[in-house]
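Chemist: One structure is given below, represented as structure tokens, and several questions about it will come after.
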Amino acid sequence: MDIRVRYCAQGRRALGIDREILSVEDGAAPAAVLERLAALHGAGVGRMFLDANGRAQPSVLLFVDGEQVSVHSTQALKHNDELEILLPMSGG
């Protein structure tokens, strides 16, 4: 199935795009999408989405069709859902 992925802030800058269509397994959970994106876009992007153990970073904010969900949610994504990814801000 295809979902729409939208990147905000640092994600947009790191990837050089603000959105893309991604093919994922039917019923994929948000964490599986982050893992797929890390594999697709390489280690630099992977470190933004995944921790050292390859699990979804708990600080990443995710929204499915505008509703916030946990990175550990088991909510099954549906065809044509939009997953918005907001990475934490840093600096001082």
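The values are calculated or read from the model by the stated rules, or taken from the named source; none is laboratory data. These numbers come from a predicted model, not from an experiment. FYI the Cβ positions are ideal-geometry reconstructions off the backbone, even for glycines, and counts take in every protein chain you see.
Chemist: Please specify each residue of the range 43-92 satisfying the condition of being among the β-branched types (Val, Ile, Thr) and surrounded by 12 or more Cβ atoms within 10 Å (Cβ to Cβ).
Modeler: If we filter the range 43-92 for residues that are among the β-branched types (Val, Ile, Thr), which is where we start, we get 45, 60, 64, 69, 71, 74, 85.
Answer for the range 43-92, where residues must be among the β-branched types (Val, Ile, Thr) and surrounded by 12 or more Cβ atoms within 10 Å (Cβ to Cβ): Val45, Val60, Val64, Val69, Val71, Ile85.
Chemist: Then there's this: Every residue in the range 1-21 that is under 18 Å from Gly66 (Cα atoms), touching a residue at least 60 places away in the same chain (Cβ under 8 Å) and surrounded by fewer than 19 Cβ atoms within 10 Å (Cβ to Cβ), please.
Modeler: Within the range 1-21, Asp2, Arg4, Arg6, Cys8, Ala9 meet the criteria.
Chemist: Tell me the residue from Asp2, Asp81 that is in contact with a Ser or Thr (Cβ under 6 Å, 6 or more places away or on another chain) and modelled with pLDDT of 95 or more, please.
Modeler: Going through Asp2, Asp81 in turn, just one is in contact with a Ser or Thr (Cβ under 6 Å, 6 or more places away or on another chain) and modelled with pLDDT of 95 or more: Asp2.
Chemist: If we keep just the residues of the range 5-37 that are of a type in the set (A, V, I, L, M, F, W, C) and over 20 Å from Pro58 (Cβ atoms), which is modelled with the lowest pLDDT?
Modeler: Leu15
Chemist: Oh, and also: Any chance the range 57-80 includes a residue that's touching a residue at least 60 places away in the same chain (Cβ under 8 Å) and within 9 Å of the chain's Cα centre (by Cα)?
Modeler: no
Chemist: Could you please find all residues in the range 26-38 being surrounded by 12 or more Cβ atoms within 10 Å (Cβ to Cβ) and farther than 15 Å from Val69 by Cβ?
Modeler: Glu35, Arg36, Leu37, Ala38
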